[in-house]
Amino acid sequence: MTPEIESIFDDANAEFAIGELEAAIVGYRKCVELDAQFFDGWQALGMALMKTGAIKEAIGCGLQATILEPNDLLAWTALSQMYVQDGQIAEAEHAKQNATILGIGGKVDKTRD
């Protein structure tokens with residue numbers, strides 16, 4: 001992560017922490033625009049979007065996070081929550097299953113998704 005992205009991300013996290021979600025979203029968007037491989041940026045953007053009710057876009061960010069880090073427990077858990085909020089129960093269960101696999105020490109086989 002470049003110093004510029006780190007600074008923007010830190011500022012966005014501070015905005016998120018005090019409930020300034022729209023400002024946080026702007027910062028997180030900038031982070032992933034500058035580095036499309038920035039997992040933490042996608043994860044944080046997805047969570048902020050979910051909190052504002054922008055569920056479809058949050059799911060897209062959550063999916064990107066799981067593509068970048070397919071064995072991240074938090075990414076799959078968050079994606080499951082996003083799917084639940086969108087009423088996509090089968091998808092939520094699949095994401096939860098992946099989180100459970102990771103929680104017991106397994107790995108996610110991305111060739112099956």
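Only one of Glu15, Glu69, Glu91 is in contact (Cβ under 8 Å) with a residue 24 or more places away in the chain, buried (at least 16 other Cβ atoms within 10 Å of the Cβ), in contact with a helix residue (DSSP H, G or I) (Cβ under 6 Å, 6 or more places away or on another chain) and among the acidic types (Asp, Glu); which?
So the residue among Glu15, Glu69, Glu91 that is in contact (Cβ under 8 Å) with a residue 24 or more places away in the chain, buried (at least 16 other Cβ atoms within 10 Å of the Cβ), in contact with a helix residue (DSSP H, G or I) (Cβ under 6 Å, 6 or more places away or on another chain) and among the acidic types (Asp, Glu) is Glu69.
Checking Glu15 against (1) out of contact with any Leu (no Cβ under 6 Å at 6 or more places or on another chain); (2) under 23 Å from Leu63 (Cα atoms): exactly one of these is not met. Which one?
(2)
Considering only residues that are in a helix (DSSP H, G or I) and not hydrophobic (A, V, I, L, M, F, W, C), look in region 18-34 and name the one that is surrounded by the fewest Cβ atoms within 10 Å (Cβ to Cβ).
Glu22
Quick one: count up the residues across region 22-61 that are more than 21 Å from Glu6 (Cβ to Cβ) and of a type in the set (A, V, I, L, M).
6
Take Met82 and tell me if it is of a type outside the set (Phe, Trp, Tyr), in a helix (DSSP H, G or I) and either within 14 Å of the chain's Cα centre (by Cα) or more than 25 Å from Asp109 (Cα to Cα) (or both).
Yes; evaluated as a whole, the condition is true for this residue.
Residues being farther than 13 Å from Lys51 by Cβ and either in contact with an Asp or Glu (Cβ under 8 Å, 6 or more places away or on another chain) or modelled with pLDDT under 95 (or both): count how many of those fall in region 3-22.
Qualifying residue count for the region: 2.
Can you find a residue that is over 26 Å from Asp109 (Cβ atoms) and either touching an Asp or Glu at 6+ places or on another chain (Cβ under 6 Å) or not in a helix (DSSP H, G or I) (or both) anywhere in region 54-72?
Checked against the condition, which is being over 26 Å from Asp109 (Cβ atoms) and either touching an Asp or Glu at 6+ places or on another chain (Cβ under 6 Å) or not in a helix (DSSP H, G or I) (or both), region 54-72 yields at least one hit.
Yes or no: Ser7 in contact with a Lys or Arg (Cβ under 7 Å, 6 or more places away or on another chain) and either surrounded by fewer than 16 Cβ atoms within 10 Å (Cβ to Cβ) or in a helix (DSSP H, G or I) (or both)? Even if it seems obvious, please write down each step before you answer.
On the way: in contact with a Lys or Arg (Cβ under 7 Å, 6 or more places away or on another chain): no; either surrounded by fewer than 16 Cβ atoms within 10 Å (Cβ to Cβ) or in a helix (DSSP H, G or I) (or both): yes.
When the stated conditions are applied, Ser7 does not pass them.
The values are calculated or read from the model by the stated rules, or taken from the named source; none is laboratory data. Keep in mind it's a predicted model, so treat the numbers as computed, not measured. Here Cβ is always computed from backbone atoms with ideal geometry, including for glycine, and neighbour counts include all displayed protein chains.
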